[in-house]
Amino acid sequence: MKFLAFFLIVFSFSEIVAQKEIQMKLESGIENAALQSILMFENITFETLKFEGQLKKRQYQVAIKEYKNGELIGEEILFDGTESEYFRIKTDSLTLQMITKTDHENLYIQLTGNGFSSRKLHYKIFPEKGNYVVKDFLGAIDFKTVPSENSFPIYGIITPTLYKDGSSSYCAVAQSGVPPEKLVEKFDIPHYFLIQMRFL
């Protein structure tokens, strides 16, 4: 009986933990090959964010952090779901789209969702070290458990790390696990952005 009671307690605790977990899945691009080619030609990225878990009746915020020479020089709220009850999540799933566009000197970012678009943020960029590319932090895995309350990174907008043999890599940076303020020191990336999210 004691073993059964212990098992039920452990099982119940596991169920509670599982209910609080939020799974994040990220998808790049769109299925229409012709339209995807046009987006690539225009240096536009279209990223889909999908969340599953204990989300109903919750709200969320998405922020952009800008780093230069290893220091945080700015942070802006791209989207604040607490501004209106309209944005309160109505089910235990949430799908958003992150759209970015770059040219030689500018970066534009916008978030879209079910019937809304965030404001469009604009930043100056310095592509001397290479093109700025949107990279996620999932690596080879399909989905990731994210914090139910604390902020977590979604994407980095980075230039590549350059090697002595002339090759370069974006993935080595995004999937390194190096703290944001150390990227310039480790990979010689003087300017980059982090997109973070938080459920409330």
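Values computed for the structure shown
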{"item": "Cα-only radius of gyration and Dmax that characterise the range 69-122, units Å", "result": "13.9, 41"}
{"item": "GNM flexibility winner over the chain from Ile73, Ile154, Ile30 (Cα, springs under 10 Å)", "result": "Ile73"}
{"item": "Where only alpha carbons of the range 143-185 are counted, the Rg and the Dmax (Å)", "result": "13.0, 43"}
{"item": "Gaussian network model of the chain, springs between alpha carbon atoms under 10 Å - residue of Ser168, Ser151, Ser118 with greatest fluctuation", "result": "Ser168"}
{"item": "Sum of -39500 (n - 2.57) over DSSP H runs of 4+, divided by residues of the chain (222 nm, nearest 500)", "result": "-5500 deg cm²/dmol"}
{"item": "Alpha-carbon gyration tensor eigenvalues x 5, square-rooted, for the range 110-200, Å", "result": "25, 17, 12"}
{"item": "In order through the range 52-69: 3J(HN,Hα) via Karplus (6.51 cos²θ - 1.76 cosθ + 1.60), integer Hz, x for Gly, Pro", "result": "9, x, 7, 10, 4, 6, 8, 10, 7, 10, 10, 10, 10, 10, 10, 10, 9, 6"}
{"item": "Gained length - Glu27 relative to Glu83, 0.36 nm times residue gap less alpha-carbon distance", "result": "17.4 nm"}
{"item": "Sparse-neighbour loop sites [trypsin sites (Lys or Arg not before Pro); the range 76-182; at most 15 other C-beta within 10 Å; DSSP]", "result": "Arg88, Lys90, Arg119, Lys120, Lys164"}
{"item": "Answer label for P(r) over Cα pairs in 10 Å bins from 0, in percent (calculated), chosen among (i) 8, 29, 38, 22, 4, 0; (ii) 9, 34, 35, 19, 4, 0; (iii) 8, 31, 33, 18, 7, 3, 1", "result": "(iii)"}
{"item": "Paired Rg and Dmax values of the range 33-96, which use every Cα atom, in angstrom", "result": "16.1, 41"}
{"item": "FRET efficiency estimate (nearest 0.05) - Cβ-Cβ, Gln36 to Lys56, R0 45 angstrom", "result": "0.85"}
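Every number in this text was worked out from the coordinates using simple rules, so none of it is lab data. Nothing here was measured: the structure is a model prediction, and the numbers come from that model. Heads up, the Cβs are rebuilt from the backbone with ideal geometry, glycines too, and the neighbour counts pull from every protein chain shown.
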